[in-house]
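J.: Quick one: the structure is below, questions incoming.
The values are calculated or read from the model by the stated rules, or taken from the named source; none is laboratory data. Just so you know, these numbers come straight off a predicted model, no measurement behind them. Here the Cβ positions follow ideal geometry from the backbone for every residue, glycine too, while neighbour counts run over all protein chains shown.
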Amino acid sequence: MIEIKIVKTKREGHLFTNFPNKLYKNVESFVPALSMDENNIFNPKKNPASDYVESIRFLAYKNNKLVGRVAGLINHKINYESNKRQVRFTRLDMIDDVEVTKALLKAVEDWGYEKFGLSEIIGPIGFTDFDRQGMLVEGFEYINLIITIYNHPYYKDHLEQLGFIKDVDWLEKRISWPTEMNEKVSRGADIVRKRFGYRLYKPENKKDINNFVYEAFDVYNESFKQLYGFFPMPQNVIDFYVNQAIGLVNTDWIWVVYDKEDNIAGFGVVLPSLSQSFKKNNGKLFPFGWLRVLKNLKKYDTIDFYFIAVDPKHQGKGVLALIFEDGIKTGIKHGIKYAETGPELELNLAIHAQWKEFDFIEHKRRRCYIKEIKR
């Protein structure tokens, strides 16, 4: 007998947050999310995206034992703007029992249908484009990024047995970072500097980030607005994510490209890979987790790309050449061996083309599934 419970109490919230840490306890590729961040994202008082995204969390029990979890989301803004009637699922984790998966997803379907008459369920996809999205379907042997989902291979089998089909895929690349300057990249950067008057800016300290952060996110919103599942983020949502990440950034790995009128043409943000320290911390920063993270921020050989965005007015003009030129120099200075691109939409050919001058393997594939809600 499978029992589904709605998360209502603080204790149930902790059970929801910590369930994956137990499910994947001995899995080397799994990297826990920060418990504090996970609790905050489901707290309407902390997460400003809750102004337009409704959420609900469910726990699954079998023989009085916790065996799964899932959250349901309704993004009213995206549904309205795109004229869709979709409920999202996120944070799906469960034992290898398809009946548990069925019960969890049915709870999300019923919630979306009974509350708003929604006709489709999609996922895993989150509150915003910065939230974790995409079920891992290839590349289980590689360690997770701190911003991505890890799941067992049987998740895919369960969803397909339940009638879910592929909606979109994301691909991830692992780049062997250059040990010397790529002359083609350097020549390209010189050409676009002279032809278009672009200049590269790197903040000297974290306070400098405040001088351009909102303009940079205007570029981000404009650059990604046509992509799958994206909705431009308002300022309070931007603040929420900036405050989460600001303690982890290293200004060596932030680039802003300005045009001749001193408007932002594009920007890039990279973080040192924190997968190993997050894994050792098991989702906790206190009392000693921060020490591991700080040590990791000083000693690393892998970087994770978080954002690369180019204003549509400047796309195709070589803005990224300036970012990659300095990125190669910075990588050599820090002794970087690898870079992880993070998830990139399979059909976004432009973003895949930007890596053509680098040696890489395409090692992970993630999927967002969709299914009609039938009643």
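J.: Which residues, taken from region 78-97, are among the basic types (Lys, Arg) and surrounded by fewer than 24 Cβ atoms within 10 Å (Cβ to Cβ)?
T.: Answer for region 78-97, where residues must be among the basic types (Lys, Arg) and surrounded by fewer than 24 Cβ atoms within 10 Å (Cβ to Cβ): 84, 85.
J.: If you go through region 111-145, how many residues are under 10 Å from residue 90 (Cα atoms) and either at pLDDT below 95 or not aliphatic (A, V, I, L, M) (or both)?
T.: 8
J.: Across region 294-321, which residue is surrounded by the fewest Cβ atoms within 10 Å (Cβ to Cβ) among those that are in a loop (DSSP other than H, G, I, E, B) and at negative phi?
T.: 299
J.: Examine region 98-110 for a residue that is outside any helix (DSSP H, G or I) and either surrounded by fewer than 19 Cβ atoms within 10 Å (Cβ to Cβ) or not assigned by TED's automatic domain parsing to the domain that holds residue 134 (or both), and state whether such a residue exists.
T.: No, region 98-110 contains no residue that is outside any helix (DSSP H, G or I) and either surrounded by fewer than 19 Cβ atoms within 10 Å (Cβ to Cβ) or not assigned by TED's automatic domain parsing to the domain that holds residue 134 (or both).
J.: Please verify whether residue 190 is closer than 16 Å to residue 326 by Cβ and among the charged types (D, E, K, R), treating the condition exactly as stated.
T.: yes
J.: Conditions first: (1) assigned to a helix (DSSP H, G or I); (2) closer than 27 Å to residue 127 by Cβ; (3) small (Gly, Ala, Ser). Residue 163 passes all but one, so which condition is the exception?
T.: Result: residue 163 fails condition (1) only.
J.: Of the residues that make up region 182-194, is at least one within 30 Å of residue 359 (Cα to Cα), assigned by TED's automatic domain parsing to the domain that holds residue 301, touching a residue at least 24 places away in the same chain (Cβ under 8 Å) and outside any helix (DSSP H, G or I)?
T.: yes
J.: Another question about this same structure. Go through the residues of region 173-181 one by one and say whether even a single one is over 17 Å from the mean Cα position of the chain (by Cα), more than 30 Å from residue 374 (Cα to Cα) and part of a helix (DSSP H, G or I).
T.: Looking through region 173-181, none of the residues is over 17 Å from the mean Cα position of the chain (by Cα), more than 30 Å from residue 374 (Cα to Cα) and part of a helix (DSSP H, G or I).
J.: The conditions are (1) outside any helix (DSSP H, G or I); (2) buried (at least 17 other Cβ atoms within 10 Å of the Cβ), and residue 240 fails exactly one of them. Which is it?
T.: The single condition residue 240 does not satisfy is (1).
J.: Going through region 1-58 one residue at a time, which ones are farther than 27 Å from residue 77 by Cα and part of a strand (DSSP E or B)?
T.: Answer for region 1-58, where residues must be farther than 27 Å from residue 77 by Cα and part of a strand (DSSP E or B): 2, 3, 4, 5.
J.: Now for a separate question. When you go through 8, 22 one by one, which is the residue that is under 16 Å from residue 284 (Cβ atoms), assigned by TED's automatic domain parsing to the domain that holds residue 67 and basic (Lys, Arg)?
T.: None of the other options fit; the residue is 22.
J.: Okay, moving on. Give me the residue from region 195-233 that is of a type in the set (A, V, I, L, M, F, W, C) and in a helix (DSSP H, G or I) and, out of that set, nearest to residue 79 (Cα to Cα).
T.: 224
J.: I'm trying to understand the selection: among the residues of region 66-77, which are in contact (Cβ under 8 Å) with a residue 60 or more places away in the chain and buried (at least 20 other Cβ atoms within 10 Å of the Cβ)?
T.: 67, 75
J.: Here's a follow-up. Here are some conditions: (1) in contact (Cβ under 8 Å) with a residue 24 or more places away in the chain; (2) under 27 Å from residue 273 (Cα atoms); (3) not basic (Lys, Arg). Residue 111 meets all but one. Which one does it not meet?
T.: Going through the list (1) in contact (Cβ under 8 Å) with a residue 24 or more places away in the chain; (2) under 27 Å from residue 273 (Cα atoms); (3) not basic (Lys, Arg), residue 111 breaks only (2).
J.: Need the failing condition index for residue 224 against (1) in contact with a helix residue (DSSP H, G or I) (Cβ under 9 Å, 6 or more places away or on another chain); (2) at negative phi, just the number.
T.: Answer for residue 224: the failing condition is (1).
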